[in-house]
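Visitor: One structure, pasted below without further comment.
The values are calculated or read from the model by the stated rules, or taken from the named source; none is laboratory data. Keep in mind it's a predicted model, so treat the numbers as computed, not measured. When we count neighbours, we look across all protein chains shown, and the Cβ atoms used for this are built from the backbone with ideal geometry, even at glycine. Just so you know, the surface numbers come from the protein's heavy atoms only, side chains and all, with ligands and any DNA or RNA stripped out. Shrake-Rupley method; radii C 1.70, N 1.55, O 1.52, S 1.80 Å.
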Amino acid sequence: EDQVTQSPEALRLQEGESSSLNCSYTVSGLRGLFWYRQDPGKGPEFLFTLYSAGEEKEKERLKATLTKKESFLHITAPKPEDSATYLCAVQFHTTSGTYKYIFGTGTRLKVLA
Amino acid sequence: GAVVSQHPSWVICKSGTSVKIECRSLDFQATTMFWYRQFPKQSLMLMATSNEGSKATYEQGVEKDKFLINHASLTLSTLTVTSAHPEDSSFYICSALIWDRGRPPYEQYFGPGTRLTVT
């Protein structure tokens with residue numbers, strides 16, 4: 001079954017305490033994996049697109065990596081303003097010839113000052 | 001670039017009335033847009049895929065006569081909640097797909113969302 005699983009569901013970090021969020025997927029025909037940040041009451045904000053295993057993308061304190069089974073979002077020395085829900089999504093090619101997206105349930109990150 | 005707007009950002013309506021939500025791609029053309037619904041502390045639930053110039057494709061369990069979608073131009077899709085009831089109260093978010101690379105991955109850019117409250 002095509003599935004995207006994010007862990008942990010929630011994470012509390014002290015400011016400056018680096019950590020990683022995980023997004024594992026079981027889809028065939030992967031065409032891309034995306035990371036988004038969502039603040040309460042707002043729409044998701046695009047962060048990264050990863051396409052092939054071994055690919056890495058960085059933006060400020062965030063670094064996303066991709067393997068054939070999972071992606072990690074590494075947060076280095078987080079600040080309170082990094083507190084948000086982080087969503088990952090995959091795009092894959094279906095057997096019927098269309099593209100489909102599946103979103104994970106997200107990781108709620110809280111960074112304490 | 002890749003800015004998507006939604007209007008209104010919040011709306012309160014009475015039970016039985018209809019509400020229209022607009023989703024616009026401001027700096028790019030979007031032949032495909034998606035409409036999502038999100039409950040508190042839950043992930044996005046895809047309601048339908050909106051394609052410019054054709055009928056929307058609804059996900060299983062979504063009433064197409066209740067949630068009318070129109071994608072009349074390359075920059076505008078609308079979602080009309082007809083005969084709204086309190087259980088329709090939710091956060092509705094649209095996204096627009098960027099095809100211009102010509103090959104996947106195709107990124108979705110999201111609007112800021114619309115909070116609908118039906119009294």
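Visitor: Look through A:Pro44, A:Pro8, A:Pro40 and report the one residue that is crowded, with 16+ Cβ neighbours inside 10 Å and under 22 Å from B:Leu44 (Cα atoms).
Guide: Going through A:Pro44, A:Pro8, A:Pro40 in turn, the sole match is A:Pro44.
Visitor: Then there's this: Determine which member of the set A:Lys79, A:Lys63 is over 30 Å from B:Trp10 (Cβ atoms) and more than 9 Å from chain B (Cβ to nearest Cβ).
Guide: A:Lys63
Visitor: Test each condition in (1) out of contact with any Phe, Trp or Tyr (no Cβ under 9 Å at 6 or more places or on another chain); (2) of a type outside the set (A, V, I, L, M, F, W, C); (3) closer than 20 Å to B:Thr117 by Cα for B:Gln60 and report the one that comes out false.
Guide: The single condition B:Gln60 does not satisfy is (3).
Visitor: Moving on to the next point. Here's a check for you: in segment B:4-19, which residue that is within 13 Å of chain A (Cβ to nearest Cβ) and more than 14 Å from B:Ser77 (Cα to Cα) is most open to solvent (accessible area, probe 1.4 Å)?
Guide: Ranking the qualifying residues of segment B:4-19, first place goes to B:Trp10.
Visitor: Here are some conditions: (1) over 13 Å from B:Phe34 (Cα atoms); (2) β-branched (Val, Ile, Thr); (3) open to solvent by 60 Å² or more (accessible area, probe 1.4 Å). B:Val81 meets all but one. Which one does it not meet?
Guide: B:Val81 satisfies every listed condition except (3).
Visitor: May I pose another question? Is there any pair with a first residue in segment B:39-52 that is facing chain A (nearest Cβ under 9 Å) and more than 18 Å from B:Thr117 (Cβ to Cβ) and a second that is buried (at least 16 other Cβ atoms within 10 Å of the Cβ) and of a type in the set (Val, Ile, Thr) whose Cβ atoms are under 7 Å apart and which are 6 or more apart or on different chains, and what are they?
Guide: Pairs found: B:Ser43/A:Thr105; B:Leu44/B:Ile93.
Visitor: Also, quick follow-up: Examine segment B:75-87 for a residue that is within 12 Å of chain A (Cβ to nearest Cβ) and touching a residue at least 12 places away in the same chain (Cβ under 8 Å), and state whether such a residue exists.
Guide: no
Visitor: Still on this structure, I have one more. Got a sec? Which of A:Glu55, A:Glu9, A:Glu70, A:Glu15 is touching a residue at least 40 places away in the same chain (Cβ under 8 Å) and touching a Leu at 6+ places or on another chain (Cβ under 7 Å)?
Guide: A:Glu15
Visitor: I would also like to ask the following. Could you go through segment B:17-30 and let me know if any residue there is farther than 19 Å from A:Tyr101 by Cβ, of a type in the set (Ser, Thr, Tyr), more than 10 Å from the chain's Cα centre (by Cα) and in a loop (DSSP other than H, G, I, E, B).
Guide: Yes, some residue in segment B:17-30 is farther than 19 Å from A:Tyr101 by Cβ, of a type in the set (Ser, Thr, Tyr), more than 10 Å from the chain's Cα centre (by Cα) and in a loop (DSSP other than H, G, I, E, B).
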